[in-house]
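Following: one structure in structure tokens, then a few remarks.
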Amino acid sequence: MTVEEPHRWSFLTNHAQVLVCIAHDPGIRLREIGDAVGITERAAHRIVGDLAAAGYLSRERHGRRNRYTIKADLPLPDPLARGQRVGDLLALLTEQRSDGVGRRAPGRISSVADAEAE
């Protein structure tokens, strides 16, 4: 087989993909998140609400837009990955690869210690 068919599934949940979008651009719009993840704007809004309610990110209003801050020190919610932090996953998914593909996230990924120091 020379041409690969696209996968119909993903290793990352929509929640993880939304976090990666926000890590890349903390000022991203819900519509842009939906387009990037392949979900509706309404679903993106629900997921951002889920993540905020669980404490994984905070929203701050800047004019007509939101700016998000990810709480990188929080543990991943999955039983198999509880020893890992959100920041560990985002560092893996947003860093520059050795072949030059990808990019490091320019956005602010905070830690709980950062929040306490402010």
Take the Cα pairs of the stretch 1-98, get the Kirkwood Rh, then feed it into Stokes-Einstein at 37 °C and 0.692 mPa s and tell me D in µm²/s. 227
Can you pull the Kirkwood radius for the stretch 4-47, inverse mean 1/r over Cα pairs, to one decimal in Å? 10.8
Determine the sum of side-chain charges near His15: Lys and Arg each +1, Asp and Glu each -1, restricted to other residues whose C-beta is under 13 angstrom from that of His15. -1
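Throughout, read-outs are computed from the coordinates displayed, never taken from laboratory work. Since this is a predicted model, take the numbers as computed values, not measurements. Because the Cβ atoms are built from the backbone with ideal geometry, glycine has one as well, and the counts that use them run over all protein chains shown.
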